[in-house]
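> Sharing a structure, written as structure tokens. Questions coming.
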């Protein structure tokens with residue numbers, strides 16, 4: 001055993017002495033970092049993405065609309081946070097970009113379904129202009145005004161020759177050319193590629209997973225079906241399923257006679273974490 005360890009150690013030391021070893025060690029983390037920033041940049045630069053929603057259950061269309069509106073609000077607030085961070089006069093050691101972005105995320109996550117419209121109205125009525133005015137003593141002079149990003153996910157109509165009441169398999173087969181990019185989807189006078197299909201089957205409540213139940217077998221297509229070529233961008237499906245699950249739990253609380261307001265207050269209780277940059281100047 002000692003001889004094996006000695007041989008392995010010698011081979012390792014020979015690798016360490018080579019230039020290729022250190023190049024690999026240094027490049028791999030840079031590749032991962034570059035992939036992360038590239039994905040973030042592409043996400044922000046991506047044009048409008050068209051999706052089709054088919055809710056055969058007739059129960060969760062509003063939850064999907066709330067999810068998409070909430071993600072739009074999240075994008076606006078994150079862009080606004082970046083705007084403030086880029087134009088501030090001084091660097092605050094405790095106010096890093098990560099902390100500011102997390103605060104924006106937390107604000108959106110704390111907004112309930114019945115409060116999304118109120119936040120949307122606040123944004124439309126110049127709420128961010130008021131926020132800029134309040135922050136102006138801490139911002140540089142002569143900065144460009146903040147421009148809100150437009151909606152990134154836009155609902156498209158189902159093509160006229162496709163029946164929304166058909167079976168999920170038939171619908172997916174009919175929409176496959178649009179989902180694969182072979183055909184463009186029309187939206188008024190515009191057209192573009194179909195980014196995603198959100199398909200909610202008629203008897204979807206039978207797929208609700210409850211404590212103690214056996215997990216669904218892989219490949220059964222249970223629950224909400226999210227069809228898209230780009231499955232690496234999980235913002236839309238994650239937002240949709242969070243919103244639908246929140247509505248399901250709200251209904252469960254009501255059926256059990258639980259005070260949902262107390263539950264919301266408990267869910268909003270949390271411990272903050274401050275992400276600090278040791279290289280930033282103290283001030």
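> By average Cβ neighbour count within 10 Å, what is the ranking of 70-79, 142-151, 121-130 from highest down?
Output ranking for 70-79, 142-151, 121-130: 70-79, 121-130, 142-151.
> Running Debye on region 150-273 with equal point scatterers at the Cα sites and no solvent, what base-10 log of I(q)/I(0) appears at q = 0.10 Å⁻¹?
With no solvent term, the Cα-only Debye profile gives -0.46.
> Can you pull the one-decimal nm distance between simple spin-label points at residue 242 and residue 121, each 7 Å off the Cα toward Cβ?
2.4
> May I ask you to give the average projected area over all directions of the convex hull of the Cα atoms of region 178-228, in nm² rounded to one decimal?
Details: hull surface 20.1 nm².
With every direction weighted equally, the projected area is 5.0 nm².
> Could you work out how far apart the two model spin labels at residue 210 and residue 169 are, taking each label as a point 7 Å from the Cα in the direction of the beta carbon, and quote it in nm?
It is 2.9 nm.
> How do 208, 200 line up, fewest other C-beta atoms within 10 Å first?
Placing the least packed residue first, the sequence is 208, 200.
> Calculate the spin-label point distance for residue 187 paired with residue 270, positioning each point 7 Å from the Cα along the beta-carbon direction, and give it in nanometres.
So the two model labels end up 3.0 nm from each other.
The numbers here are math on the coordinates, done by the rules we state, and not lab data. The structure presented is a predicted model; accordingly, all values stated were derived computationally and were not measured. Counting neighbours? That spans all protein chains shown, and the Cβs are built from the backbone with ideal geometry, glycine included.
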